[in-house]
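Okay, so here's the structure we're looking at.
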C-alpha cells in the first residue's frame, strides 16, 4: 500500500481553539488516518505502561521506607528532571526528527524498566536503588515527552488535526488513571515486579509502532539544530500569548496540588484512612472512573472550545475537591471527593493540552510542549516533595489543604480575569 506523502497534506497553521467556532467534536475521525491510528494505539499502550510503573514505584517506595519523605523524594526523582531538561528537549523536538528523539529516549526507558523488574522480583531493591533508577527514567521521560506531544502535528492531514489533538489529549489523560488501576491489581494479586516488566513491554510496543509510521516535513524546522531553536525562544513566545501563559499557569497549579497528591495516594490510603493497598486501589479506581466519565463527556464538547476560562473553572473545582479529600474523616466520602477531583482535573487537562497544541505555531510547538512537559511533570514533583516533607512534621492534612488553597486562589483569579475580558 502506498504511503501518503507530505505533499498530499502540507502542515497547516494552527487554528486558535480559544476563538474558533467549534461544533460537535468526533475525535474518532482521526483514526481514519493509518499513521495516526498506529501512533495513537502505540502511544496509549506506552502511557498505560508508564503509569503502571509510576504506581509500582510509589508503592514499592512506601513499602521499603514507610516514609512520606522518601515517597515524595522518589516521586520528585521521576519528575524533577523535566524542570531542567524539558525546555531543551522541546528545542530538540523542533530541530530534529521527532521519531529518532523518541526512540532513543525509549531505549533507555526499556532498559531501566527491565532492571527494576529483575531487582524487584528477586527482592534486591533498596530505597536508594529505587531512587537512582527512577531518576534515570525521569531524565528519559523529560527528553521524550515534548517530541511525543508535538509529533501529532506531523502525522495527520489537516482535516483530522482538531480531532486528533482532542483524541490524543483524551487518551493521554485517560491512561494516566487507567494504568494505575491495572498496576494496583497486579501489585495486590501478583508482585510489584510485574508492573515494571509490563512497562518495558508497553514501551517496546510503542517504539515498534513509531518505526512503521510516516510523518510530514515541517517547513520551518531550524536548519542549525539547537542554536536556532533556542530554549529561550519558547519562553518568549509563551510570554507574548496570554491564553498560552494562563493555561500553562493553571496546569502548573493543578500539577502541584491535584497531581501532586495523586503521587502520594499510598500515603493517603495508609496515613489518613488506614486502608493499605485495598484503600489505595479503591482511591485509584474512583479517580479513574471520574476521569473516564469526564473524558467521555468532552468527546462531544472539548473544554478548549471555550478557552482558558473553562479550564480555570475546572481547575478551581478540582482543587476544592482536593481540600475536601484531605479534610473528610470518611473513606467513602473521600471516594466521592477524588471522583469529583479527577473529573474536573481531566476536563482541565484535555482542554489545556488541546488549547496549547492548536494555538501554537507549528515551528514553535515543540518548545511550547517542552514548557508544558516541564510544568506537568515538574509540578507534581514539587507538590509531592513538599507534601511529603511537610507531612513528616505536621501530618498529611495541613500541607494538602495548603497547596489546594493556593491553587484554588490562582485558578479563581484567572477565571475572574478571563470572565471580565469576555464581558
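Key figures for this structure:
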| item | result |
| --- | --- |
| Pair list, Cβ < 9 Å and 6+ apart or interchain, from the range 140-153 residues that are at positive phi to residues that are in a helix (DSSP H, G or I) and modelled with pLDDT under 80 | none |
| Enumerated helices (runs of 4 or more DSSP H) restricted to the range 222-279, each holding at least 2 residues that are at pLDDT 85 or above, under 19 Å from the mean Cα position of the chain (by Cα) and within 18 Å of residue 361 (Cα to Cα) | 242-254 |
| Long-range neighbours under 9 Å by Cβ, at least six apart or interchain, first residue within 17 Å of residue 398 (Cα to Cα) within the range 322-336, second part of a loop (DSSP other than H, G, I, E, B) | 326/396; 334/328 |
| Some residue of the range 249-264 being without any contact (Cβ under 8 Å) to a residue 12 or more places away in the chain and either under 21 Å from residue 375 (Cα atoms) or touching a helix residue (DSSP H, G or I) at 6+ places or on another chain (Cβ under 7 Å) (or both) | no |
| Test for residue 140: is it at pLDDT 75 or above, within 27 Å of residue 360 (Cβ to Cβ), within 22 Å of the chain's Cα centre (by Cα) and not in a loop (DSSP other than H, G, I, E, B) | yes |
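The rows are residues; the columns are (1) surrounded by fewer than 23 Cβ atoms within 10 Å (Cβ to Cβ); (2) modelled with pLDDT under 80; (3) within 21 Å of the chain's Cα centre (by Cα).
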position: 7; (1), (2), (3): yes, yes, no
position: 10; (1), (2), (3): yes, yes, no
position: 24; (1), (2), (3): yes, yes, no
position: 52; (1), (2), (3): no, no, yes
position: 64; (1), (2), (3): yes, no, no
position: 67; (1), (2), (3): yes, yes, no
position: 109; (1), (2), (3): no, no, yes
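The values are calculated or read from the model by the stated rules, or taken from the named source; none is laboratory data. Computed from a prediction, not measured in an experiment: that's the story for all the values here. So basically every Cβ, Gly included, is an ideal-geometry build from the backbone, and we count neighbours across all protein chains shown.
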